[in-house]
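Working notes, beginning with the structure itself.
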Amino acid sequence: MITIPTVLENVSTRKDGTVRLTFGTSEVSPGTMTDLFRHHNSYCYLAIKGEDFKPIEIDNLSKIKCDLDDKRKSSSTRLRAVFYRMYEQDAEGFNTFTTYYESKMETVIEHFKGKLQ
């Protein structure tokens, strides 16, 4: 587990509805840099607190286990990303991705509802 003091420098939304966070930190040790690069592009948890973490809090945080493989996204996130790529290639007359996504999801839902008895 890596704990370093940081400044949350930027919060922005992406086209697909996800959020991008940018943090800045003072100079860190080579070991911490190695740990940070080891987690690059991997699924991990982030804890944000306005003051130092207490030892018991750090202990509790270190016990949290990721329930997904490092590079695995949830099925719903993957499906949304596929719909977004489809929207980029052909918006099919929809003005926003949100309306496109809702329409595609409704089509999928109706398809499987039709298979119920």
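Among the residues of the stretch 79-96, the ones that are among the charged types (D, E, K, R) and assigned to a helix (DSSP H, G or I) come to 3 in all. Can you tell me which residues in the stretch 30-47 are touching a Leu at 6+ places or on another chain (Cβ under 8 Å) and surrounded by 10 or more Cβ atoms within 10 Å (Cβ to Cβ)? The answer is Tyr43, Ala47.
Okay, residues lined up against (1) surrounded by 10 or more Cβ atoms within 10 Å (Cβ to Cβ); (2) touching a residue at least 60 places away in the same chain (Cβ under 8 Å):
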residue: Val28; (1), (2): yes, no
residue: Gly50; (1), (2): no, no
residue: Phe53; (1), (2): yes, no
residue: Leu61; (1), (2): yes, yes
residue: Ala81; (1), (2): yes, yes
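Residues checked against (1) modelled with pLDDT under 85; (2) over 20 Å from the mean Cα position of the chain (by Cα); (3) of a type in the set (Val, Ile, Thr):
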| residue | (1), (2), (3) |
| --- | --- |
| Thr3 | yes, no, yes |
| Leu68 | yes, no, no |
| Leu79 | no, no, no |
| Phe83 | no, no, no |
| Asn95 | no, yes, no |
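If the condition is being over 23 Å from Lys65 (Cβ atoms), at pLDDT 90 or above and surrounded by 10 or more Cβ atoms within 10 Å (Cβ to Cβ), then the stretch 11-22 contributes only Thr22. Among the residues of the stretch 83-103, those identified as surrounded by 10 or more Cβ atoms within 10 Å (Cβ to Cβ), of a type outside the set (Ser, Thr, Tyr) and over 30 Å from Cys44 (Cα atoms) are Ala91, Glu92, Phe94.
The values are calculated or read from the model by the stated rules, or taken from the named source; none is laboratory data. Source: prediction; values computed, not measured. Ideal geometry is used to build each Cβ from the backbone, glycine not excepted, and the neighbour counts take in all protein chains shown.
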